[in-house]
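K.L.:
Below is a structure I'd like to ask you about.
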Amino acid sequence: MPVELAVGALRDSRRGIAAWCVGVAAYVAMVAAIYPSVETSPEFNELVERYPEVLKSLFGIVEGGDITSGPGFVDVELFSFMLPLLLLVLAIGYGARTLAGEEDAGRLELLLAYPLRRRASVVAKGAALAAQIAVVSVAGWATLLVIDPLVGLALDFGNLCAAFVGVAVLALFHGWLALGVGAAVPSRALAIAVPAGAAALGYLVNGLHDLAGWLAPFRFVSPFWLVGSSPLQTGIDAAGTLVVLAAAVVVLAGGALLLERRDLQTP
Amino acid sequence: MEARQYDRAVTATPAIETVGLCKTYGGKVRALVDLDLRVERGEVFGYLGPNGAGKSTTIRLLLDLIHPTEGRAALLGLETRSQGVEARRRVGYLPGDLRLPDRLTGAEFLGSLARLRGHVDEARRDEVSARLGAILDRPLRHLSKGNRQKIGLVQAFMHRPELVVLDEPTAGLDPLLQGEVRALMREVAAEGGTVFLSSHSLDEVQHTADRVGIIRSGRLVDVDSVAGLRSRSLRRVRVAFANGVPRERFDRIEGVRVVEEQASLVRLLAPETAMDGLVKTLAEHTIVDLVSEPADLEEIFLELYREADGAG
Ligand SMILES: Nc1ncnc2c1ncn2[C@@H]1O[C@H](COP(=O)(O)OP(=O)(O)O)[C@@H](O)[C@H]1O
Ligand SMILES: [Mg+2]
């Protein structure tokens, strides 16, 4: 039964998930703990003002935005780079490992000889990946929620939830892309390279299209642009987030169907 | 009685049926060519061939792990391509190159596989584990090859499948355990189940299998019962000459092959049908000794390989 495949996958990676939760929570707490000293030091704003335009653009430091405000600080320090990076690493790593990696290691042969449809096993592994992203996101979200009153970030609750939904959807898309590529072709290297490359391009297009006008038309295909930057200041783009979610479903389903059509690779 | 037999004929689809089954890898490697095979229910079928003959390819086609270039196959009357899930529910499989997860223990791994099947008789799982002496409480990465193989065998038998497909199952097992695996296979057949057993060594299957199929370079060379193979009446002939081995080439006689030639001694393999011609040719020389005895199965088997080689 495919459900067992998803549950089993989670059971097998429970230690890894716990470690990710601790790591993300610790990082979030550390960044938040710096905030009181930033809030009271005007030099921070001046320092950031002197950043090169490219960096400001990448980190979503907007003209008129106040990065010494709680939401502005969290947007720049967590959501503009580090949190998406951490969750993407988790998602792409797991997405490539769970199917392409298992096939490379020769362990898929026994599994596929069981009474499962191949597409069901891809979907089950996709569900396990989604659950991992959700758990780690909740760990980060809960940490910020608890620490906010202590350091005075004054975050909007709705925006806080939306911000984590946003990064989780970004991670899900790239993780399912890794899973889908690994299902379509028996190569763990490709299953990492394709989503990692896509993420780098999407991130740069989103961050730089203001500075480099020729990039502007491409922003529509950047998941980062679709979800929206500065989620704690402005929320996320609901329609764009749904588009990314739909794209995630498409790449997973495409991979699942292609896996059914090809030969299993044996070592 | 007659009615029952009629019923059987209608309902008892063969355990395995392949028709014109072909597999060509990457458009070049013809690993399996036009395989027509029928394995009946209740038999242990030995699938014999040297390394690279196409045994694993055949088995992977049966389990729908790879797709045929041409032809079709059915397990228990279920088409592998369209009804594969239903077929695999009733099949147990041991891969030739078994790879297991590192971190799980044998018990955890078997438990997870049992849940994947949805229905596994735990008593049966424990029974097979105990008979094979499988180590269940240690992480699989700490187990020797033989002990990992036992875990693989347990999962192949634990759900009482109607068909068990084993790809070179006794690799790495000591002789005592090979006997136990043989007993498990015979029991499955005795209960009406079917075992498809691949091997590169005749010795492994001759005491287990009812029938043997011999595959060479992707082609099925021969299918016969073990008894039938034995009765091929291949003779092993040893001749000692008084004045050294004559120049004469004995292998010019139809069916005769020279296995070894020493100063005054010749060893030959010859079918019974060739014995008359052979003896008459030998009689032209002075002979010290002549021994003729039935060849053993391994020699018959090797002879079949050789013939197929010559043909291909
Ligand atoms: N995935 C593959 N790609 C290309 N060639 C393969 C592949 N798998 C097997 N072969 C080739 O097909 C032939 C049959 O292999 P196989 O079925 O594994 O033989 P056996 O199990 O009898 O040792 C061999 O020549 C082998 O090299
Ligand atoms: Mg093989």
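The values are calculated or read from the model by the stated rules, or taken from the named source; none is laboratory data. Computed from a predicted structure; not experimentally measured. Please note: Cβ atoms are built from the backbone with ideal geometry, for glycine as well, and neighbour counts cover all protein chains shown.
K.L.:
Is one or more of the residues making up the range B:76-86 within 16 Å of ligand 2 (Cβ to nearest atom), part of a strand (DSSP E or B) and either in contact with an Asp or Glu (Cβ under 9 Å, 6 or more places away or on another chain) or not aliphatic (A, V, I, L, M) (or both)?
P.N.:
Within the range B:76-86 (the criterion being within 16 Å of ligand 2 (Cβ to nearest atom), part of a strand (DSSP E or B) and either in contact with an Asp or Glu (Cβ under 9 Å, 6 or more places away or on another chain) or not aliphatic (A, V, I, L, M) (or both)), the answer is no, since none of the residues qualifies.
K.L.:
Name the residues in the range A:215-267 that are more than 14 Å from chain B (Cβ to nearest Cβ), in a loop (DSSP other than H, G, I, E, B) and without any contact (Cβ under 8 Å) to a residue 40 or more places away in the chain, would you?
P.N.:
Within the range A:215-267, A:Ser222, A:Asp237 meet the criteria.
K.L.:
Sort out which residues of the range A:148-165 are under 16 Å from the mean Cα position of the chain (by Cα) and within 14 Å of A:Val28 (Cα to Cα), and write them in order of number.
P.N.:
Listed by number, the residues that qualify are A:Leu160, A:Ala163, A:Phe164.
A quick yes/no check of all residues on (1) within 15 Å of ligand 1 (Cβ to nearest atom); (2) of a type in the set (A, V, I, L, M):
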site: B:Asn51; (1), (2): yes, no
site: B:Thr57; (1), (2): yes, no
site: B:Leu61; (1), (2): yes, yes
site: B:Glu70; (1), (2): no, no
site: B:Ala73; (1), (2): yes, yes
site: B:Arg81; (1), (2): no, no
site: B:Arg89; (1), (2): no, no
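K.L.:
What single numbered condition from (1) touching a strand residue (DSSP E or B) at 6+ places or on another chain (Cβ under 7 Å); (2) at pLDDT 95 or above; (3) more than 16 Å from ligand 2 (Cβ to nearest atom) fails to hold for B:Arg103?
P.N.:
(2)
K.L.:
Across the range A:97-137, what is the total count of residues that are part of a helix (DSSP H, G or I) and farther than 19 Å from A:Thr266 by Cβ?
P.N.:
Looking only at that region, the number is 17.
K.L.:
Out of the residues in the range B:72-89 meeting the condition of being basic (Lys, Arg) and facing another protein chain (nearest Cβ under 10 Å), tell me which one is farthest from B:Gly20 (Cα to Cα).
P.N.:
Checked the range B:72-89; the qualifying residue farthest from B:Gly20 (Cα to Cα) is B:Arg89.
K.L.:
Just to confirm my filter: which strands (runs of 3 or more DSSP E) fall fully inside the range B:200-312 and include at least 2 residues that are more than 23 Å from B:Arg38 (Cβ to Cβ) and modelled with pLDDT of 85 or more?
P.N.:
Filter on the range B:200-312 gives B:234-241, B:257-261, B:265-271, B:287-294.
K.L.:
For residues that are over 27 Å from B:Pro161 (Cα atoms), within 10 Å of ligand 2 (Cβ to nearest atom) and small (Gly, Ala, Ser), tally how many sit in the range B:29-52.
P.N.:
Within the range B:29-52, residues that are over 27 Å from B:Pro161 (Cα atoms), within 10 Å of ligand 2 (Cβ to nearest atom) and small (Gly, Ala, Ser) number 1.
K.L.:
What number of residues within the range B:172-201 are under 13 Å from the mean Cα position of the chain (by Cα) and within 16 Å of ligand 2 (Cβ to nearest atom)?
P.N.:
6
K.L.:
Does A:Glu4 fit the bill of being out of contact with any strand residue (DSSP E or B) (no Cβ under 8 Å at 6 or more places or on another chain), at pLDDT below 95 and surrounded by 19 or more Cβ atoms within 10 Å (Cβ to Cβ)?
P.N.:
The answer is yes for A:Glu4.
K.L.:
Any idea which of (1) within 14 Å of chain B (Cβ to nearest Cβ); (2) more than 30 Å from B:Leu63 (Cα to Cα) is the one A:Arg50 doesn't satisfy?
P.N.:
(1)
K.L.:
Where in the range B:90-167 are there helices (runs of 4 or more DSSP H), lying wholly inside it, with at least 3 residues that are surrounded by 18 or more Cβ atoms within 10 Å (Cβ to Cβ) and more than 13 Å from chain A (Cβ to nearest Cβ)?
P.N.:
Output list reads B:122-132, B:145-157.
K.L.:
May I pose another question? Could you grab me the full set of residues in the range A:79-130 that are in contact (Cβ under 8 Å) with a residue 60 or more places away in the chain and either under 15 Å from A:Phe164 (Cβ atoms) or touching a strand residue (DSSP E or B) at 6+ places or on another chain (Cβ under 8 Å) (or both)?
P.N.:
A:Phe79, A:Ser80, A:Leu83, A:Pro84, A:Leu86, A:Leu87, A:Leu88, A:Leu90, A:Ala91
K.L.:
So B:Ile214 clears everything in (1) surrounded by fewer than 18 Cβ atoms within 10 Å (Cβ to Cβ); (2) touching an Asp or Glu at 6+ places or on another chain (Cβ under 7 Å) except one condition, right? Which one?
P.N.:
With (1) surrounded by fewer than 18 Cβ atoms within 10 Å (Cβ to Cβ); (2) touching an Asp or Glu at 6+ places or on another chain (Cβ under 7 Å) applied to B:Ile214, the lone miss is (1).
K.L.:
Still on this model: Say we look at the range A:113-122 and pick out the residues that are of a type in the set (A, V, I, L, M) and surrounded by 20 or more Cβ atoms within 10 Å (Cβ to Cβ); which of these is farthest from the other protein chains (Cβ to nearest Cβ)?
P.N.:
My answer is A:Val122.
K.L.:
Continuing with this model, one more query. All but one of (1) surrounded by fewer than 18 Cβ atoms within 10 Å (Cβ to Cβ); (2) at pLDDT below 95; (3) under 19 Å from A:Gly202 (Cα atoms) hold for A:Asp66; state the number of the condition that does not hold.
P.N.:
A:Asp66 satisfies all of (1) surrounded by fewer than 18 Cβ atoms within 10 Å (Cβ to Cβ); (2) at pLDDT below 95; (3) under 19 Å from A:Gly202 (Cα atoms) except (3).
K.L.:
If I ask for residues that are buried (at least 20 other Cβ atoms within 10 Å of the Cβ) and away from ligand 1 (no atom under 16 Å from the Cβ), which ones from the range B:36-49 would you list?
P.N.:
B:Val39, B:Val44 - these are the residues of the range B:36-49 that are buried (at least 20 other Cβ atoms within 10 Å of the Cβ) and away from ligand 1 (no atom under 16 Å from the Cβ).
K.L.:
So, one more: Quick one: in the range B:50-89, which of the residues that are of a type in the set (S, T, N, Q) and at pLDDT 95 or above is surrounded by the most Cβ atoms within 10 Å (Cβ to Cβ)?
P.N.:
Looking at the filtered set, the residue picked out is B:Thr58.
K.L.:
Looking at A:Pro195 and the list (1) within 19 Å of the chain's Cα centre (by Cα); (2) closer than 30 Å to A:Asp156 by Cβ, which single condition is not satisfied?
P.N.:
(2)
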